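See below for the structure under consideration.
The values are calculated or read from the model by the stated rules, or taken from the named source; none is laboratory data. Being a predicted model, the structure only gives us computed values, none of them experimental. Neighbour counts run over all protein chains shown; Cβ positions are idealised from the backbone, glycine included.
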Amino acid sequence: MTTSRLALIAATTSLVAWIAKAVATGAAGGPGRTMWEDTFFFVGLAAQLVAFVAVALALTESRPLAVRLGALFGGAVLVFGFVTVFQLVIERVQPMDASWVWGEINLWVVAVLVLGAAVLAHRRAHTPAVPTAPRHHQPA
């Protein structure tokens, strides 16, 4: 299995787990009322971490180790920063009597973004390179 395929599978699993968590939470009448909420949360979190690492490795395939490690570290900082800023924005725009759904939005948005990155990585890995013709000097 290639890292790009692993990224796609893990990112899809993460998104499905977050959706299942939301459905279980809603069906139970809110957060903290079903064991499935925690189960789907940890499945989603683990899958998202695997997807993140696989995307970073797939996008830096055939690069030096330092570049690959830099992509992992830099990507983690970028994702953490995005989630923090996004959560602050959500807190500012949510209504005063916000339901539990507002607290879940960041999970869904990040899962969709990671899935998008996984699709991009998978397409890049499976797109044949376009051969370039050698350049010939034209006599002046």
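Of all residues in region 1-33, those satisfying the criterion of being polar (S, T, N, Q) and not in a loop (DSSP other than H, G, I, E, B) are 3, 4, 12, 13, 14, 25. Cβ-Cβ distances below 8 Å connect the following pairs, each with a first residue in region 51-75 that is closer than 12 Å to residue 3 by Cα, a second residue that is outside any helix (DSSP H, G or I), and a separation of six or more residues or different chains: 58/2. The residue of region 58-89 that is surrounded by the most Cβ atoms within 10 Å (Cβ to Cβ), among those that are in contact with a Ser or Thr (Cβ under 8 Å, 6 or more places away or on another chain) and over 29 Å from residue 22 (Cβ atoms), is 71.
Taking region 37-52 on its own, how many of its residues are buried (at least 17 other Cβ atoms within 10 Å of the Cβ) and either farther than 14 Å from residue 20 by Cβ or of a type in the set (Gly, Ala, Ser) (or both)?
In the first step, residues of region 37-52 are kept if they are buried (at least 17 other Cβ atoms within 10 Å of the Cβ); the result is 37, 40-41, 43-44, 47-48, 50-52.
Of the ones still in play, those that are also either farther than 14 Å from residue 20 by Cβ or of a type in the set (Gly, Ala, Ser) (or both) are 44, 47, 50-52.
Count: 5.
Considering every residue within region 110-117, establish whether at least one is under 14 Å from the mean Cα position of the chain (by Cα), at pLDDT below 90, of a type in the set (Gly, Ala, Ser) and surrounded by 13 or more Cβ atoms within 10 Å (Cβ to Cβ). There is no residue in region 110-117 that is under 14 Å from the mean Cα position of the chain (by Cα), at pLDDT below 90, of a type in the set (Gly, Ala, Ser) and surrounded by 13 or more Cβ atoms within 10 Å (Cβ to Cβ). Residues that are touching a helix residue (DSSP H, G or I) at 6+ places or on another chain (Cβ under 7 Å) and outside any helix (DSSP H, G or I) within region 69-114 comprise 94, 100, listed in sequence order.
Residue 36 meets all of the listed conditions (1) closer than 30 Å to residue 124 by Cβ; (2) assigned to a helix (DSSP H, G or I) but one, namely (1).
For the structure I just gave you, tell me whether residue 50 is under 24 Å from residue 127 (Cβ atoms) and either among the β-branched types (Val, Ile, Thr) or not in a helix (DSSP H, G or I) (or both). It would help to see each step written out before you state the result.
Numbers: under 24 Å from residue 127 (Cβ atoms): yes; either among the β-branched types (Val, Ile, Thr) or not in a helix (DSSP H, G or I) (or both): yes.
The answer is yes for residue 50.
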